[in-house]
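Notes to accompany the following structure.
The values are calculated or read from the model by the stated rules, or taken from the named source; none is laboratory data. Predicted, not measured: the structure shown is a model, and the values here were computed from it. Cβ atoms come from the backbone with ideal geometry, glycine included; neighbour counts cover every protein chain shown.
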């Protein structure tokens, strides 16, 4: 009986903790949306911070990221083409490449890349600001942290994930064409027909929405995890670990739901 009671108590504590985390995310997101719609939020300082966030999150890593996307795309395209030829399905190779690589794998890997590079750094920075009372100092000086610290990071994350996933997808399409048809322009018509068949409005809107959710997850969750950090320096690594686990879980859930809505 004691074991059963302890198990139920532990399960209840986890459920309550999860609900508290969910409520915190929703409350913070609501505050961010209200700030986004507030005309007073948008001044030169806010725009400058947003531009810097996009630069540090997306532009600065562009050469490394494109190399990363190039290698992964080449490997996946090679696997798909070899498998298609073995089973006599070469005519479906381009469609399989686009569906597997452009619609699913590259956006997912882009979100993971941004999360590991920028999400963890963002979590650490916000946690240190929380521990060192820097956020309280901003509020005391009547400088809203949402406007100068949080909202630009959210916008920068969403813009960066959407932009990088788009670039990676275009690069993968180019590589797929070259791998299937080479430099032969005769493949342009069948390839564009395949693109038109796949990329209808629903698919494009769903892909954009999924990438935006990925961008929101890799910024919103690290920021809220940083704000939850107790004001003790040794708790910062714990906060970062907790935040990154939540980010990974959120990215997987978004991808699984997207696959379920699309193919089930």
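Which one of these does residue 173 not meet: (1) within 21 Å of residue 110 (Cβ to Cβ); (2) surrounded by 17 or more Cβ atoms within 10 Å (Cβ to Cβ); (3) touching a helix residue (DSSP H, G or I) at 6+ places or on another chain (Cβ under 6 Å); (4) in contact (Cβ under 8 Å) with a residue 40 or more places away in the chain? With (1) within 21 Å of residue 110 (Cβ to Cβ); (2) surrounded by 17 or more Cβ atoms within 10 Å (Cβ to Cβ); (3) touching a helix residue (DSSP H, G or I) at 6+ places or on another chain (Cβ under 6 Å); (4) in contact (Cβ under 8 Å) with a residue 40 or more places away in the chain applied to residue 173, the lone miss is (3). In the condition set (1) touching a helix residue (DSSP H, G or I) at 6+ places or on another chain (Cβ under 7 Å); (2) modelled with pLDDT under 85, residue 85 is compliant with all but (1). Is it true that some residue in region 241-249 is crowded, with 22+ Cβ neighbours inside 10 Å, under 22 Å from the mean Cα position of the chain (by Cα) and in contact (Cβ under 8 Å) with a residue 12 or more places away in the chain? Yes, there is a match, as at least one residue in region 241-249 is crowded, with 22+ Cβ neighbours inside 10 Å, under 22 Å from the mean Cα position of the chain (by Cα) and in contact (Cβ under 8 Å) with a residue 12 or more places away in the chain. Whenever a residue of region 29-56 is touching a residue at least 12 places away in the same chain (Cβ under 8 Å), it has no partner that is in a helix (DSSP H, G or I) and exposed (fewer than 12 other Cβ atoms within 10 Å of the Cβ) lying with C-beta atoms less than 6 angstrom away and at least six residues away or across chains. Any residue at all in region 190-208 that is buried (at least 21 other Cβ atoms within 10 Å of the Cβ) and modelled with pLDDT of 90 or more? Scanning region 190-208, I find at least one residue that is buried (at least 21 other Cβ atoms within 10 Å of the Cβ) and modelled with pLDDT of 90 or more, so the answer is yes. All of 49, 21, 33, 16 fail the test of being in contact with a helix residue (DSSP H, G or I) (Cβ under 6 Å, 6 or more places away or on another chain) and in a helix (DSSP H, G or I), apart from 49. Determine whether residue 98 is without any contact (Cβ under 8 Å) to a residue 40 or more places away in the chain, part of a helix (DSSP H, G or I) and in contact with a helix residue (DSSP H, G or I) (Cβ under 7 Å, 6 or more places away or on another chain). In short, no.
Can you confirm whether residue 65 is part of a helix (DSSP H, G or I) and free of Cβ contacts under 8 Å to residues at least 60 places away in the same chain?
no
Of the residues making up region 195-236, those that are assigned to a helix (DSSP H, G or I) and under 17 Å from residue 27 (Cβ atoms) are 216, 217, 219, 220, 221, 222, 223, 224, 225, 226, 227.
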